[in-house]
Amino acid sequence: MRKRIPIKNHQQEIQLTAKRTMLALFTIFIFLVILTIRLYYLQVYKHVVYSTLSTKNRLELVPVEPTRGLIYDRYGVLLAENIPVFSLDVFPYQIKHFPKTLDALAKIIKLTDNDLNQFKRQLKQHRRFDEIPLKLRLTDDEVARFVENQHRFPGVMIKARLLRHYPFGNNFSHVVGYVGRINTQELNEIDATNYSASHYIGKLGIEKFYEAALHGHVGYEEVENDASGKPIRVLKEIKGAPGTNLYLTLDSHLQFVAEKALPGRGAIVALQPQTGQVLAMVSKPGFDPNLFVVGISQKDYQELKDSPERPLYDRTLRGLYPIASTIKPYLALQGLDTGIINANSTVNDQGVFQLHDHSHVFHDWLRQGHGKISLGRALAVSCNVYFYELAAKMGIQSMDNILERFGFGSLTGIDLEGEIPGVLASPAWKIKAKGHAWYEGDTILSGIGHGYMQATPLQLAYATATLANRGDRRPPYLLLGEQLSGQSYRVRKRLAEKRIGLNDESNWDYVISAMTNVITHREGSAFRFGRSPYTIAAKTGTGQVTKRRIAEERDQQENLPEKLRDNHLFIAFSPVENPVLALAIITENSNTAIETARIIFDFYSACSRESTKASHSLSSSVTITMGLNTKCQSIAENKIAAIKHL
């Protein structure tokens with residue numbers, strides 16, 4: 001019988017089990033040691049780092065948009081304000097499916113194509129965690145409907161914000177300007193940190209030129225969020241600085257009267273000669289700047305851009321017009337001052353002028369001419385032949401010399417962007433701009449402000465104010481004063497430029513006296529201005545749109561299509577002894593400049609005393625007189641009503 005062989009070795013199994021148990025325990029021990037080290041590393045060594053990250057997950061530093069500064073006229077009439085609105089804002093990083101979210105929102109709140117296009121454009125320009133408005137100016141019903149459904153839209157919320165608004169619409173559109181949404185180019189040029197909570201920036205006019213002052217400085221709020229990222233409460237506030245309130249030199253009442261008195265297209269600039277302050281600045285037609293604040297649609301913008309009336313074109317700063325006969329007082333000054341002519345110099349005007357050895361004939365506006373005529377009468381009746389003769393004797397260099405001293409051909413330096421310098425024609429300029437030589441005939445045409453001579457309405461007003469001041473140059477400006485938050489009002493002062501001196505100062509009086517005859521003399525070119533209770537010096541001008549074949553076409557303008565009719569210029573200042581108002585008016589394709597001026601001067605003459613009383617309060621306190629009194633307001637309404645009878 002065989003011997004039995006044992007199947008199991010209990011001793012070996014016990015030893016094997018013991019080894020495996022020890023290995024498992026050792027492995028567990030190693031892992032426990034590693035875990036302990038890791039826990040120590042995270043909770044002790046990296047405590048500051050991860051506690052900070054934890055706090056950041058719970059707390060958020062949210063930028064707060066500063067309140068934009070307000071814009072007032074010289075009497076405290078509000079020209080640009082901030083109105084409270086509710087907007088629908090989106091946090092892109094919290095939304096997974098934009099198309100579905102937008103479709104669902106459109107069923108609750110009406111979203112136009114313009115709203116969606118503006119939002120998509122902003123979405124490309126901003127970071128994913130920036131707050132982007134989807135729709136501005138929600139109605140009460142829209143707010144209520146969204147609040148009921150807000151749980152369906154994580155990352156979308158209603159926010160109360162201040163929106164820029166221009167209460168007078170078209171009246172100040174070019175000079176005050178407007179704000180609009182920040183575009184990509186502007187984002188690259190501005191301080192992104194300071195605009196981290198802002199979606200708007202000045203685009204035109206005062207809003208753009210003084211953007212830094214009006215915008216202010218961004219503030220911050222430390223907000224505590226819950227686990228889902230929704231804000232619970234504000235723990236800390238870091239205050240920013242609101243924008244500066246600006247007070248402009250503009251007289252809103254005069255601006256309204258001037259705008260209404262201008263029956264069609266054109267421009268008006270009214271200055272205070274002693275200071276250079278701009279009292280009115282009208283470019284007509286204008287546009288509603290509020291359209292640009294919320295984001296103008298492509299259709300509406302294209303209509304404005306393509307309009308033959310050119311409402312987006314600022315004629316006061318960028319409109320180039322022939323100086324025409326308004327050039328004559330300045331050339332008369334130069335002729336007298338250089339001794340080329342004197343007060344008794346006469347010309348025999350037979351209606352034509354011809355250079356020696358030249359066949360071309362230059363016509364006077366009066367076909368039969370004015371006969372024997374002196375300088376004073378030539379200015380009053382605007383005799384072309386007299387100034388053809390003067391230009392031939394003076395030469396273009398001498399003519400340019402006096403015009404340059406009055407500011408023609410250069411920027412006035414007004415606190416607005418976009419001004420152009422005009423054209424002070426010369427042989428060098430013509431070669432550079434036209435590629436042709438200067439001819440003697442060019443000089444003759446320049447003598448009556450035609451040919452290549454061009455100026456803006458602002459330049460004309462500045463030159464007129466300098467003439468009214470008898471050579472004292474006060475460059476035009478718009479910022480009267482400013483008020484920082486929590487501080488008192490302070491006036492901005494401007495320095496005068498070098499005075500225009502004459503060899504004989506009595507020449508000022510001679511030319512200005514001749515300009516008064518433009519109004520008072522029966523032959524004066526502005527005799528229809530009529531008698532007035534104030535003294536006034538003026539000069540008319542006619543800018544030809546098409547070349548005339550015969551002199552009588554001057555009196556046949558009404559038979560031409562409107563676009564082919566002459567532009568008319570009128571410069572004036574009053575009162576002559578101590579001027580308080582200098583004016584430059586250009587009416588396009590219309591001969592109503594004189595009537596327009598009469599309405600403006602009548603209004604300002606009657607209300608200038610009230611204006612003086614109202615404006616003095618600015619220098620002493622921030623309590624501003626709100627508008628003019630009832631009597632002055634009535635005068636304004638009556639004068640505006642009179643325009644209907646032009």
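Axis of helix 384-394 versus longest Cα principal axis of the chain: the two differ by about 80°, to the nearest ten degrees. The residue list 165, 560, 304 was ranked by how far each Cα lies along the charge dipole of the chain toward its positive end, using unit charges on Cβ atoms, and 165 comes out on top. Rounded to the nearest 10 degrees, the inclination of helix 457-468 to the longest alpha-carbon principal axis of the chain is 50 degrees. Taking Cα atoms only, the orientation of helix 506-520 departs from the longest principal axis of the chain by about 90 degrees. Candidates 507, 533, 471 compared by Cα position along the dipole of the chain: farthest toward the positive end lies 471, with charges placed on Cβ.
The sum of -39500 (n - 2.57) across all DSSP H runs of n ≥ 4, divided by the residue count of the chain, sets its helix-only mean residue ellipticity at 222 nm to -11000 deg cm²/dmol. Compared with the alpha-carbon gap, the fully stretched path from residue 404 to residue 64 is longer by 117.4 nm at 0.36 nm per residue.
For the stretch 229-368, the solvent-accessible area of protein heavy atoms averages 43 Å² per residue (probe radius 1.4 Å; ligands and nucleic acids excluded).
With each label modelled as a point 7 angstrom along the Cα→C-beta vector, the residue 37-residue 545 pair spans 9.2 nm. Enter the Cα centre distance for the pair the stretch 146-179 and the stretch 388-439, rounded to the nearest angstrom. The two parts, judged by their Cα centres, are 47 Å apart.
Across the stretch 131-147, rounded Karplus estimates of 3J(HN,Hα) from the backbone phi angles (6.51 cos²θ - 1.76 cosθ + 1.60, θ = phi - 60°) give 8, 10, x, 8, 8, 9, 6, 6, 7, 4, 5, 5, 4, 5, 5, 5, 4 Hz, Gly and Pro being marked x.
Calculated accessible area for the stretch 438-490 comes out at 30 Å² per residue, all protein chains present (probe 1.4 Å; ligands, DNA, RNA ignored).
When the listed pairs 107/135; 100/135; 260/299; 110/299; 96/299; 208/284 are checked against a 22 Å cut-off, the alpha-carbon distance exceeds it for 260/299; 96/299. Full extension of the chain between residue 21 and residue 578 yields a length gain of 189.2 nm, computed as 0.36 nm times the residue separation minus the alpha carbon distance. A Förster radius of 30 Å, combined with the Cβ-Cβ distance separating residue 237 from residue 192, puts the computed FRET efficiency at roughly 0.85.
The values are calculated or read from the model by the stated rules, or taken from the named source; none is laboratory data. Note that the coordinates shown come from a computational prediction; the quantities given were computed from them, not determined experimentally. All Cβ positions, glycine included, derive from the backbone under ideal geometry; neighbour counts span all protein chains shown. SASA here: full protein model, heavy atoms, side chains in, ligands and nucleic acids out. Shrake-Rupley method; radii C 1.70, N 1.55, O 1.52, S 1.80 Å.
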